[in-house]
1. Straight distance only, please: which aspartates and glutamates reach the Cα of Lys140 with their own Cα at less than 20 Å, same-chain residues fewer than 8 apart left out?
2. With every protein chain left in place and a probe of 1.4 Å, what is the accessible surface of Glu170, to the nearest 10 Å²?
3. When we measure straight from the Cα of Lys76, which aspartates and glutamates land under 14 angstrom away, once same-chain ones fewer than 8 places off are left out?
4. Kirkwood Rh over Cα pairs of the stretch 76-215 into Stokes-Einstein at 4 °C, 1.567 mPa s: D in µm²/s?
5. Which of the lysines could a cross-linker bridge to Lys181, judged by Cα under 28 Å and excluding same-chain residues fewer than eight apart?
6. Leu204 label point, 7 Å along Cα→Cβ, cut-off 14 Å on backbone N: hits in the stretch 139-165?
7. Starting from the 7 Å offset along Cα-to-Cβ, what nm value, one decimal, do you get for the label separation of Asn54 and Gln114?
8. Contour minus end-to-end for Tyr216 and Glu71, with contour as 0.36 nm per residue of separation and end-to-end as the Cα-Cα distance?
Amino acid sequence: MSSLSRWGLHATLLALLCCSESSEAAFEVHTWPERLVVENGGSRTVNCSTSCANPVTGGLETTLEKTLLEEQPQWKSFRISNVSQNTVLFCYFTCAGEQQSKSLNVSTYQFPKQIILQLQPVWVTLGQPFTIECRVPTVKPLESLTLTLFRGKETLHSQTFSGGATDPQEARVTFNSTASKEDGLLNFSCQAELDLRSHGGDILRNISENKVLQVYEPPPENQMVIIVTVVSVLLFLFVMSVLLCFIFGQHWRQRRMGTYGVRAAWRRLPQVFRVQHM
């Protein structure tokens, strides 16, 4: 074999050896899910896996409480508990003397369980203003919340909030309207929608109890004129009857007191005076 052939064979073996070592060293680490959102104080399952055929070590690095549920040479399943704040987890594996890791962002949320809807005032005259107020005492994250006010199935107002606070926040929305006949026939409600899709979750919805607005419709103007006229006539008749009773009473009393007054004066005269005039 010529020296050139021997050099070519050595080069081929060297290339195969290098490719074999590099393919063993170039491995990947994966997490499932790739994004994780957990309700405050809740628990979830996290899987760590690798493309390395024979990893030396592997696991999950976190400050949270974790429990190893199941494992195989190329994957491990953990349960994290009591998640109360946003954090980052790390899945790691060591293969052929090299360690690779993959981070997993964990977000927490507070579901709007309580939705308070108020109508102010609850009794309103037709054509007069009233206010609809919807309040959620605690929600997180605030920027994922949308509050929608409904009259029956009609959307009156919708507002999506903003803000990057990490703690649960209060959300409030108000809407001013003018009372109509339809307002007294339909229920009012408020829907809270928490969109967690950007954090790896779903859309969560909750709705308030229905509220009813009492709308008072004043009578038409012509009816008011009739009512005022009737009341005025009745009042006039009542006053006249009282006045007539008083006049007739005084007249009867004068007649009665006049007759008895003459007789009494006649009795009080002296006997002699009465004889002279008889």
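1. Glu39, Asp167, Glu170, Glu193, Asp195, Asp202
2. 90 Å²
3. Lys76 reaches Glu61.
4. Translational D for this selection: 73 µm²/s.
5. The reachable lysines, counting only those whose Cα sits under 28 Å from Lys181, are Lys153, Lys211.
6. What the label zone holds, given the 14 Å backbone N cut-off, is 139-146.
7. Between Asn54 and Gln114, the label points sit 6.0 nm apart.
8. The span from Tyr216 to Glu71 would gain 45.2 nm if fully extended.
The values are calculated or read from the model by the stated rules, or taken from the named source; none is laboratory data. From a predicted model like this one, the values you see are computed outputs, not experimental measurements. Here the Cβ is made from the backbone with ideal geometry for all residues, glycine too, and neighbour counts use every protein chain on show. For accessibility, only protein heavy atoms count, side chains too; no ligands or nucleic acids. Shrake-Rupley method; radii C 1.70, N 1.55, O 1.52, S 1.80 Å.
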